[in-house]
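S.K.: What follows is a single structure, and I will ask about it in a moment.
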């Protein structure tokens, strides 16, 4: 079997999934930054779109979002869900794909995880463990 028929399914999926996900990420980020979604719950928030993951058949786009400052994630998620049909239509208009994918929204937890690790690194016990061994070598 020729090599080019094999799918390159790394951790993020095939090259095509990654490429389409990135195109859709740009489209959704533009739509949100331009204030195209007329929803009072979204108008007061700046929402970043760190990643979009596509299903292998490219029919489902999981859009990871994070409101600036990590506040009101539930409110923002609910507003995006309410406007899902509009967002899907806008994506279809801007992205030249055979089929407009269904979209679903998830909060990007990586920011929370990074913040948790950052706080952990600042705790006295960890700071003590990370400090140079100057006290031990003087004894």
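The values are calculated or read from the model by the stated rules, or taken from the named source; none is laboratory data. The model shown is predicted, which means the values in this text are computed figures rather than measured ones. Using ideal geometry, Cβ is built from the backbone for each residue, glycine included, and neighbour counts are taken over all protein chains shown.
S.K.: Output yes when any residue across segment 124-137 is at pLDDT 80 or above and within 15 Å of residue 27 (Cα to Cα), and no when none is.
M.R.: Looking for residues that are at pLDDT 80 or above and within 15 Å of residue 27 (Cα to Cα), one finds none in segment 124-137, hence no.
S.K.: Can you pull out the residues in segment 68-94 that are at pLDDT below 90 and closer than 24 Å to residue 19 by Cα?
M.R.: Passing the criteria: none in range.
S.K.: Collect the residues in segment 23-44 that are more than 16 Å from the chain's Cα centre (by Cα) and surrounded by 17 or more Cβ atoms within 10 Å (Cβ to Cβ), keeping them in residue-number order.
M.R.: Within segment 23-44, 37, 42 meet the criteria.
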